[in-house]
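Written out below as structure tokens is the structure these notes cover.
The values are calculated or read from the model by the stated rules, or taken from the named source; none is laboratory data. This one's a predicted model, so the numbers in the text were calculated from it and none came from an experiment. We place every Cβ from the backbone using ideal geometry, glycine too, and count neighbours over all the protein chains shown. All accessible areas refer to the heavy atoms of the entire protein, side chains included, with ligands and DNA or RNA removed. Shrake-Rupley method; radii C 1.70, N 1.55, O 1.52, S 1.80 Å.
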Amino acid sequence: GQRCLPSVSNTEVCKKAHHGLGKFCFQSSQALGEKTTSFQISSVGQLPHHFSVWNIQFIRSFRTSPPFQAPPALFWIIVKPVQKLFAIILGRSIRKWWQALPPNKRELLKESARKSKWKILLGASSLGVLFAVFYFTHMEETPITGRARLLVFGKEHFRELSQMEYRMWMEKFKGVILPETDVRYQVVETVLGRLSESNKDIPQISALEWIIHVVDQPDINAFVLPNGQVFVFTGLLDAVSDIDQLSFILGHEVAHAVLAHAVKKASLVHFLDFLSLIFLALIWAISPRDSLAVIGEWIQSRLKEFMFDRPYSRTLETEADKVGLQFAAKACVDVRASTVFWQQMELAETVVGHPKLPEWLSTHPSHENRAEHLERLIPEALKIRESCNCPSLSEPDPRLIFKLTMQQILESSKDQETPNSTKQDLSKPKLDFPRT
């Protein structure tokens, strides 16, 4: 049931890019996706054999898909602050009422509660059962992966709301979106067209109209809205080493849209927020003072964030990596390049001295862990390429090239060290990687 790329005639596109990008060449011969592709970006007037992967001043932490990729249901956007305010007022009112009671009435109420403890327990259990029924009746199977997921909002309604976000992004990026005649736009269009064509047997891909927007900003970023609006930043085009890495990243973003991750994340957040309202009311009811209630509320929100929200975001990113790699494999991409991209990102952050936070503090897996995860998935992706009758991958392996290049950089840095300097100057490092 897998669609594979047809053979096409030899093509070559080589144009002058704008804004100082230089000469940008894309070639393919024999079957589309064969490893004769070259993806070169250089300074104007020269075509070096090595490609400078990063402009260090533009290095930023790469985030595939922004934290708020699509808005939740409009009704809940309005109602959520009201719900929180109501829980606070209710809890605070219960506390004030209890503090105003005479001691003898307090004892009577405590005695009554002890006598009715089984009724109270039954009521709490019934409430828990209702939440469980709601949770499991709103579960459905994720396409492709088959994993169960919670969906509170309808996907069709969610796409309509994503149109609102699309207009917001277009207003924000007004004046920095590249025209369709720009070579960088054409490269993204070619890669995305290859991915969508080779995966059009998947209903969620063929049903959407994929519209590309290339944003001329240095952010190393890309994201796809649920309605098929694709945003790619030129900083990402500067960061990738070749077409294969770009294909994997776009496959990852398409996977986010296909798997409805924005809907899943909004559904879970809404469900957890509703549950937290009960605890919020309890915190304000049992806290002796408002200041302690505020601290308790903050602790509750942080626990929810680090125990549920961020781990779930990392799970969605890992799932998108897996499915995106499969999409790229069906497009006859060299899937081995996916691990190299994250190794390059890890190296770049190390070179610029970017602080390395623990993974549990982030909404995304660490670059190192993503590379290791993809490394384990590559054998399966290679089988998918083979089943699609893709051309054999050329040698050498890009992973080996990266490894050897790193060894050369380390050796050269040791040679350049002088006895009078204990620390190498990394203010303007050169990271030139050979073409894969």
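Some points to look at:
- The residues packed around Ile286, meaning those with a beta-carbon under 15 Å from its beta-carbon, carry a net charge of +4 if Lys and Arg are +1 and Asp and Glu are -1.
- The Kirkwood radius of segment 297-406, taken over pairs of alpha-carbon atoms, gives through the Stokes-Einstein law at 10 °C and 1.306 mPa s a diffusion coefficient of 101 µm² s⁻¹.
- Centroid-to-centroid separation of segment 105-142 and segment 256-279 [C-alpha atoms, Å]: 23 Å
- Net +/- balance of residues flanking Asp216 in space, Cβ distance below 14 Å, scoring K and R +1, D and E -1: -1
- Taken over segment 212-255, the percentage of Cα pairs per 5 Å bin, counting from 0 up to the bin with the maximum distance, is 6, 25, 32, 27, 9, 1.
- Going by accessible surface with a 1.4 Å probe and the largest first, Ile295, Ile283, Ile278 read Ile295, Ile278, Ile283.
- With a Förster radius of 45 Å applied to the C-beta separation of Leu410 and Met164, the computed FRET efficiency comes to 0.35.
- Extension gain, Glu171 back to Ser93 (0.36 nm per residue minus Cα-Cα distance, nm): 23.7 nm
- Kirkwood-type radius of segment 219-322, with distances r between different C-alpha atoms, in Å: 16.3 Å
- Remark: accessible surface ordering of Trp118, Trp210, Trp298 (largest first) is Trp118, Trp298, Trp210, probe radius 1.4 Å.
- Area accessible to solvent at Thr350, 1.4 Å probe radius, in Å²: 90 Å²
- Taking every DSSP beta bridge that has both ends in segment 161-295, the antiparallel portion is near 45%.
- By a 1.4 Å probe calculation restricted to protein chains, Cys390 has an accessible surface near 20 Å², given to the nearest 10.
- Potential lengthening of the chain between Tyr135 and Lys105 amounts to 6.8 nm, from the contour at 0.36 nm per residue minus the alpha-carbon distance.
- Under-5 Å amide H pairs with Ile212, H placed in peptide plane, nonlocal only: Val230
- Accessible surface ranking that places the most exposed of Arg385, Arg147 first, with a 1.4 angstrom probe: Arg147, Arg385
- Of interest is the spacing of the C-alpha centroids, which for segment 185-226 and segment 227-242 amounts to 9 Å.
- Rg then Dmax, both in Å and based on the Cα atoms of segment 158-222: 13.5, 36.
- Rounded to whole numbers, the Karplus 3J(HN,Hα) couplings from phi for segment 367-376 are 4, 5, 5, 5, 4, 5, 5, 5, 4, 6 Hz, using 6.51 cos²θ - 1.76 cosθ + 1.60 with θ = phi - 60°, and x at Gly and Pro.
- Under 14 Å, Cβ to Cβ, from Ser125 - net charge with Lys/Arg +1 and Asp/Glu -1: +2
- Cα→Cβ-extended label distance, 7 Å offset, between Arg302 and Lys200, nm: 5.2 nm
- Pairs from Lys84/Lys119; Lys264/Lys356; Lys80/Lys172; Lys174/Lys265; Lys330/Lys383 whose Cα-Cα separation, in the structure shown, is over 21 Å: Lys84/Lys119; Lys264/Lys356; Lys80/Lys172; Lys174/Lys265
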